Amino acid sequence: MNVAESEFAPLLPPSDIGQSDHAVQFYESDDYLLESVRAYAAVGLVTGEVCLVVATSEHRAGLEKRLADGGLDMVAIAERGQYVALDASSLLERIAPGGAPDAERFAAVLADIIETAAGGRRLRIFGEMVALLCCEGKHQEAIQLESLWNGLRERHGFSLFCGYPLQSLGKESLTELHRSICDEHSHVIPAESYHAVADAGERLRVIAELQQKAESLQAEVEERKAAEAALQQSLRLRDEFLASISHDLRTPITVLQGQAQLLRRRALRDTLDQNAILLAAEQIEGRSRSMAALIDELLDLTRLRAGEDLPLERTRLDLVQLIQEVAAERQEYGDGHEVLVLAQPVNAGWWDEQRLRRVFENLIGNAVKYSPAGTQVTVRIIAAAVGKVTVVVEDHGLGIPAADLPHIFEPFYRAANADRRTSGMGIGLAGARQIVELHGGRIGMESTEGKGSAVTVELPLEPGRGEA
Ligand code: ADP
């Protein structure tokens, strides 16, 4: 029965929680909480106060065992009405039937309990209803209940002890909640990891370490937020990309379907002549080729992004002829653009024909796509240095804003002034750069918004040492 106060000294001395104080104990393990509550309750019980415990069944059982093990005769104490234990969740249901505490019910129910239990004696209460609310994620409701307790405490004058498991407050977003909980209490008792250090000098070191941890966690949170923003941006780009690719595949399919229907109608009407068949075949071939090229481009991009090798299929290739073919085709599809090819005599090179065709289809295609109808696009083929050929594709169109220019070769990147109605996926330039670099060459873009752009491609005629 004799409980020396000094026994509780390493924890916040419960004797320090005076009448009408409101203390909060944060804890990491149940053992620590129970030891703390035992100390708080025991001091009251040995001095003739009434102890009201509103806790979970496990905590009530654990507490009662500890009090008894500490030498208190709990049967006699209960018989004297000095120890009253209630179930926290049942009481919570009574005072917060809709999930949030009801001020009137709280006042009525608790006033009744307190008056009956205390019967004129001093009262100390341990309560866990707030912790239950917090564990359910009802943080505002927990704070609301704390302030209802404060109001009641002022009227009835008892001391109140609350326990919050740290895990229920662990997240960064709950820092604010932690502060609000502390604001509702007159005493704040940190969790056990702090009390485990007895020496005052060592405690200062622990605080310094915690400050450093808080600082680095804050930095980590910032990094995570930045990574999250980058992820959101790439998800947005991917969605735009999917919308765009669907559109770019849908359009030629519509043409193919149209041609098939036309052929069928004419065959049924017997008006299918050789010319009509040839024209339809040409359209079908052209559209199928562009779809196949688009799919190849996507496959290349995916392989490269997955870190796979992209073996080049090199053959002896006349670049001037290839560019002239691409230019003629683009001129045909353009809006009355003139695509002018100015070629110096250059030697044939040892290149991958399909892939270089794709590079120049993209560059000349962009020059046409991003410049007004009827303007000129110039393609210069220059024998700039021995063993190399340089191609410059120049237009007098939209140009690229200075802020976008450094990113323009990144996959899925589109400049801010690229009209969203202009179909495009932002993979053409990225693919072009990869192909040119695989050939041991270089690609660059100069551009002025509102004036026009010039893309320069430099290709070595032969593969360098160690190149595919
Ligand atoms: P896209 O399919 O969007 O045209 P690209 O990778 O070929 O994709 O080009 C990336 C972006 O670079 C385009 O969306 C556009 O904003 C810009 N761009 C490329 N070429 C030109 C050009 N000749 N003039 C203006 N902007 C261009």
Exercise for the section: Would you list the helices (runs of 4 or more DSSP H) that sit entirely within the stretch 71-123 and hold 3 or more residues that are surrounded by 15 or more Cβ atoms within 10 Å (Cβ to Cβ)? Expected result: 88-95, 103-118
Exercise for the section: Tell me, yes or no, whether the stretch 321-335 has at least one residue that is at pLDDT below 95, touching a strand residue (DSSP E or B) at 6+ places or on another chain (Cβ under 9 Å), part of a helix (DSSP H, G or I) and closer than 23 Å to GLY450 by Cα. Expected result: yes
Fill in the blank from the handout: The residue from GLU308, GLU282 that alone is of a type outside the set (Gly, Ala, Ser) and either at positive phi or modelled with pLDDT under 85 (or both) is GLU308
Fill in the blank from the handout: Here the residues within the stretch 299-323 that are surrounded by 13 or more Cβ atoms within 10 Å (Cβ to Cβ), more than 20 Å from ILE364 (Cβ to Cβ) and of a type outside the set (Lys, Arg) are LEU304, LEU310, LEU312
Practice task
Could you tell me which numbered condition GLY349 fails, if it satisfies all but one of (1) within 15 Å of the ligand (Cβ to nearest atom); (2) surrounded by 22 or more Cβ atoms within 10 Å (Cβ to Cβ); (3) farther than 23 Å from ILE427 by Cα?
Solution key: (1)
Practice task
Scan the stretch 324-336 and report the pairs whose first residue is more than 14 Å from ARG287 (Cα to Cα) and whose second residue is of a type in the set (D, E, K, R), with Cβ atoms within less than 6 Å and a gap of 6+ or a chain change.
Solution key: VAL326/GLU361
Fill in the blank from the handout: If we keep only residues of the stretch 148-168 that are under 28 Å from the mean Cα position of the chain (by Cα) and within 30 Å of VAL50 (Cβ to Cβ), then the residue modelled with the lowest pLDDT is SER168
Completion exercise
Over the stretch 29-74, the set of residues among the hydroxyl-bearing types (Ser, Thr, Tyr), under 41 Å from the mean Cα position of the chain (by Cα) and at pLDDT below 95 is SER29, TYR32, SER36
Completion exercise
Every listed condition ((1) touching a helix residue (DSSP H, G or I) at 6+ places or on another chain (Cβ under 8 Å); (2) modelled with pLDDT of 95 or more; (3) surrounded by fewer than 16 Cβ atoms within 10 Å (Cβ to Cβ)) holds for LEU342 save (1)
Practice task
Take VAL346 and decide whether it is out of contact with any His (no Cβ under 8 Å at 6 or more places or on another chain), in a loop (DSSP other than H, G, I, E, B) and not polar (S, T, N, Q).
Solution key: yes
Problem - Tally, over the stretch 84-114, of residues that are without any contact (Cβ under 8 Å) to a residue 40 or more places away in the chain and more than 47 Å from the chain's Cα centre (by Cα) - result: 2
Problem - Filtered residues of the stretch 352-376 (kept if within 15 Å of the ligand (Cβ to nearest atom) and in contact with a strand residue (DSSP E or B) (Cβ under 9 Å, 6 or more places away or on another chain)) - result: VAL359, PHE360, LEU363, ILE364, ASN366, ALA367, VAL368, TYR370, SER371, THR375, GLN376
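The values are calculated or read from the model by the stated rules, or taken from the named source; none is laboratory data. The model shown is predicted, which means the values in this text are computed figures rather than measured ones. Methodologically, a virtual Cβ is constructed for each residue, glycine included, from the backbone with ideal geometry; neighbour enumeration extends over all protein chains shown.
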